[in-house]
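A short write-up of the structure that comes next.
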Amino acid sequence: MKSLSIVVPVYRDGALAMDFCQSLVQLNDKFLDVNVNQLEVIFVSDGIAEDIPHLQDACRRFDFAKYIAFTRNFGQHIAISCGLIHSTGDLVCYTDVDMEDPPSELPRLIRKLEESNSQICAGLRIGKKVSFVTRLTSR
């Protein structure tokens, strides 16, 4: 059985932390199907003080959650790097707290990772309707 760390950068959306953790609890059976028996969520607050009380509430309610708070905004990539450095899981991933990429896809990615005996696995979203400008800037 493996442990899983999920790094979650948070910027102005800390109020979503509780729902994010609850969605992971609902996935418990699917995580067990992919041999994950320990879960760690590391929220990294990127300098927004208003996010902290929400993260503290989520950490009090869910034993698997913890948070790191920056004193100022450093950007999403630095927040992710910080979370990765502090993660302890055998498997480590990152996602956003807004659940635009649904946590329910994590077990599927883990399964692919194990089946292919790879060290890295990434998802590709197909069929999402976005504007031309959004597609252009994200490339």
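The values are calculated or read from the model by the stated rules, or taken from the named source; none is laboratory data. Quick caveat: nothing in here was measured; it's all calculated off a predicted structure. Note that each Cβ is placed from the backbone with ideal geometry, even for glycine, and that neighbours are counted across all protein chains shown. Accessible surface areas use protein heavy atoms only, side chains included; no ligands, DNA or RNA. Shrake-Rupley method; radii C 1.70, N 1.55, O 1.52, S 1.80 Å.
Count charges around Ala65 for me, please; just the other residues with Cβ under 13 Å from its Cβ, Lys/Arg as +1, Asp/Glu as -1. Present the calculation step by step, with values, prior to reporting the outcome.
Details: positive: Arg60, Arg61, Lys66; negative: Asp19, Glu40, Asp57, Asp63.
Cβ neighbours under 13 Å give a net charge of -1.
Between the DSSP loop rule and a limit of at most 16 other Cβ atoms within 10 Å, which trypsin sites (Lys or Arg not before Pro) in the stretch 1-61 are left? Before the final figure, lay out the partial values.
Details: sites: Lys2, Arg12, Lys30, Arg60, Arg61; in loops: Arg12.
Loop-located and lightly packed - Arg12.
Which order do His54, His77, His86 take when ranked by solvent-accessible area (1.4 Å probe, heavy atoms of all protein chains), largest first?
Descending order: His77, His86, His54.
Take the chain, connect every pair of alpha-carbon atoms lying under 10 Å apart with a spring to form a Gaussian network, then pick out the residue of Asn117, Asn73, Asn28 with the largest mean-square fluctuation.
Asn117
Over the chain, how many pairs of lysines fall under 20 Å by alpha carbon, counting only those 8 or more apart in sequence or from different chains?
Close lysine pairs found across the chain: 4.
Under 11 Å from the Cβ of Lys30, count the other residues' Cβ atoms, weight Lys and Arg +1, Asp and Glu -1, and hand me the total.
Combined, the nearby Lys, Arg, Asp and Glu give -1.
Grab the DSSP H runs of the chain that are 4 residues or longer, score each as -39,500 (n - 2.57), total them, divide by all residues and round the 222 nm result to the nearest 500 deg cm²/dmol.
-11000 deg cm²/dmol
Considering only protein heavy atoms, what per residue accessible area in square angstrom results for the stretch 1-130 with a 1.4 angstrom probe?
61 Å²
Magnitude of the Cβ-charge dipole of the chain, K/R +1 and D/E -1, about the Cα centre, nearest 20 debye?
Values: 15 positive and 18 negative charges, 89 e Å.
For the chain, the charge dipole is close to 420 debye.
Hey, what's the Cα Rg ratio for the chain versus the globular rule of thumb, 2.2 N^0.38 Å?
1.06
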